[in-house]
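Written out below as structure tokens is the structure these notes cover.
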Amino acid sequence: MSLEFESWYLLVIPLFFALGWVAARIDIRHVMQESRAVPRSYFKGLNYLLNEQPDKAIEAFLEVAKMDPDTLELHFALGALFRRRGELDRAIRIHQNLVDRADLSQDQRMKALYELGEDFLKAGLLDRAESVFRRLESGSHAREALRNILDIQVLTKDWPQAIQTAARLEKLGCPAQNADTAHYYSEMAVAALLKDDFAAARAHLDEALRENKRSARAWMLRGDLEAKAGRDEEAIAAWRRLEEINPSFLPTVAERLVQAHIRLGRQEQVIVLLKAYLDRQPSPDLLHLVFQTVAEHQGWPAARQLAAEELKRHPSLRALDDYLQASNAVQPESVEGRLAQDLVHRQVSRTAYYLCGNCGFKARQFFWQCPACARWESIPPERVEHD
Ligand SMILES: [Zn+2]
């Protein structure tokens, strides 16, 4: 029985080989047919490309493209490839050639122009990128072009123009830009505040809040403006708007609240207020400030008690750092206490950073706009402790 099975199997094996041979022949014939359909210049171009003579390659490919419009896609693919590899001068040459050709349809030329704009943008040639995108403001690539123009205006801090572009994008059906536009106005307010131009700063902040009445940044700046103008009551009222708008920013304004209250002689009141914030949400940054304020105005034993309680409720390295500092102040003779605080303090300053929720960018300082992904308000105001 087993012998019979084996001999049957032996018969089948050559048959498989034969089938494989036929399949291979068909494949080769198919390939030969295809290659005859491709013009010789194409192979010439590929050859130049492989020999690192991209300019000759491009010339050869252009010849192909002239003979057969279908190979346009080849150019777009090549251009995108060069751009991705960072060979921007080559990408620019390919796309510029496409733009200059007389035989392209309107749509194809738009596409080539758009790609050229992207090349300039990536090369950091912002003026040239913008002038290319300007040529696309109406038509099928209007939205992407305007989006890029907006990015350039934000990059060059041209806020008045950015505000106009954002409004045009909205008219083209893009998602609402109000939150970002409030930031553009806020940026203008910051610049005005730096020049002590209170009237201009106030006008920009009014606009910011008209765009986004829950803009934490605009309310914070409103407080800064009032404080700078010597109106501490109004400043405190503006900063306290964050209690209902966005409590996560309260630790950021806590220091300013403390200073304004102290100027008004109300240090005890601000300690009560900040402790209430701390009860609402744990925050090592806020704890540290309350801790310092308590130490300064109520003494180290009170500060140590505060840190001990907070350490129990929300254990963190920074709470421990505060606790050890207060302990050492109360018992200055403890050498071990000093050593421990030194260690913890060094660890704390090494591991705390701001983290972008969109791209994961880590920063030592807070940014309203992520320097890596350019998103606004993607970095939470509370630092992260882990590595
Ligand atoms: Zn980011």
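The values are calculated or read from the model by the stated rules, or taken from the named source; none is laboratory data. All values reported here derive from a predicted model rather than from experimental measurement. When we count neighbours, we look across all protein chains shown, and the Cβ atoms used for this are built from the backbone with ideal geometry, even at glycine. Only protein heavy atoms, including side chains, enter the accessible area calculation; ligands, DNA and RNA are left aside. Shrake-Rupley method; radii C 1.70, N 1.55, O 1.52, S 1.80 Å.
Summary table below
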| read-out | value |
| --- | --- |
| Candidates Trp368, Trp376, Trp300, filtered to the one that is open to solvent by 70 Å² or more (accessible area, probe 1.4 Å) and of a type in the set (Phe, Trp, Tyr) | Trp300 |
| Matching option when the condition is within 16 Å of the ligand (Cβ to nearest atom) and either hydroxyl-bearing (Ser, Thr, Tyr) or in a helix (DSSP H, G or I) (or both), among Tyr354, Tyr323 | Tyr354 |
| Meets criteria (among the aliphatic types (A, V, I, L, M), more than 16 Å from the ligand (Cβ to nearest atom) and either within 35 Å of the chain's Cα centre (by Cα) or under 30 Å from Ser186 (Cα atoms) (or both)) for Leu339 | no |
| Unmet requirement for Val290, which otherwise passes all of (1) within 16 Å of the ligand (Cβ to nearest atom); (2) β-branched (Val, Ile, Thr); (3) surrounded by 13 or more Cβ atoms within 10 Å (Cβ to Cβ) | (1) |
| Residues of segment 168-189 that turn out to be hydrophobic (A, V, I, L, M, F, W, C) and touching a Ser or Thr at 6+ places or on another chain (Cβ under 9 Å), as a count | 2 |
| Cβ-Cβ under 6 Å pairs, at least 6 apart or on other chains, segment 354-376 side over 15 Å from Thr156 (Cα atoms), far side outside any loop (DSSP other than H, G, I, E, B) and of a type in the set (A, V, I, L, M, F, W, C) | Tyr354/Ala363; Leu355/Val384; Lys362/Leu355 |
| Residue in segment 367-387 that is nearest to the ligand (Cβ to nearest atom), counting only those that are within 16 Å of Ser248 (Cβ to Cβ) and within 13 Å of the chain's Cα centre (by Cα) | Ser378 |
| Elements of type helices (runs of 4 or more DSSP H) in segment 234-308, at least 1 residues being modelled with pLDDT under 90 | 267-280, 284-298 |
